[in-house]
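The values are calculated or read from the model by the stated rules, or taken from the named source; none is laboratory data. Computed from a predicted structure; not experimentally measured. All Cβ positions, even for glycine, are placed from backbone atoms using ideal geometry, and neighbour counts span all protein chains on display.
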């Protein structure tokens, strides 16, 4: 008995957003010591790079695990249009009561994408890069 191969395909996107890391349970000194310039009262921004990886078996009719145009549309509608050129603390209702660290942002993105994937396709990983040196990978 042969098994279907599982393949991983990825789509790259980007968005720009501002945020501030500040925990109101603590004073300004604690926030400055903990978050440094990321606690700037006037916010700061990033050019986020996003790589979404899904997995599944190729459809025998198309050869695709998933049509990458469909994945691109999901990312655009559910992530980039929601986050691009936004203040993550103020403009994104789902992040309003969450400290919008890169870790919380990637968890939010996972939830935005996962529910829109076609049957037989699973979200495998999201890679979110905040700077050249700082990124997170999330496997759900």
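Out of 82, 65, 70, report the one residue that is more than 30 Å from residue 31 (Cβ to Cβ), in contact (Cβ under 8 Å) with a residue 24 or more places away in the chain and surrounded by 18 or more Cβ atoms within 10 Å (Cβ to Cβ).
65
Please find, among 60, 37, the residue that is within 16 Å of residue 102 (Cα to Cα), modelled with pLDDT under 95 and surrounded by fewer than 17 Cβ atoms within 10 Å (Cβ to Cβ).
Unique residue meeting the criteria: 37.
Within the set of pairs 6 or more residues apart or between chains, which connect a residue that is at positive phi and in contact (Cβ under 8 Å) with a residue 60 or more places away in the chain inside segment 51-62 to a residue that is assigned to a strand (DSSP E or B) and surrounded by 17 or more Cβ atoms within 10 Å (Cβ to Cβ) with Cβ atoms less than 7 Å apart?
No pair meets every condition.
Restricting to segment 98-137, name every residue that is surrounded by fewer than 16 Cβ atoms within 10 Å (Cβ to Cβ), touching a helix residue (DSSP H, G or I) at 6+ places or on another chain (Cβ under 6 Å), under 20 Å from residue 43 (Cβ atoms) and in contact (Cβ under 8 Å) with a residue 24 or more places away in the chain.
Those that are surrounded by fewer than 16 Cβ atoms within 10 Å (Cβ to Cβ), touching a helix residue (DSSP H, G or I) at 6+ places or on another chain (Cβ under 6 Å), under 20 Å from residue 43 (Cβ atoms) and in contact (Cβ under 8 Å) with a residue 24 or more places away in the chain: none in segment 98-137.
Determine whether segment 45-54 contains at least one residue that is at pLDDT 95 or above, in a loop (DSSP other than H, G, I, E, B) and surrounded by 16 or more Cβ atoms within 10 Å (Cβ to Cβ).
No, the conditions are met nowhere in segment 45-54.
Go through segment 121-140 and count every residue that is over 11 Å from the mean Cα position of the chain (by Cα) and closer than 21 Å to residue 64 by Cβ.
Residues meeting the conditions: 4.
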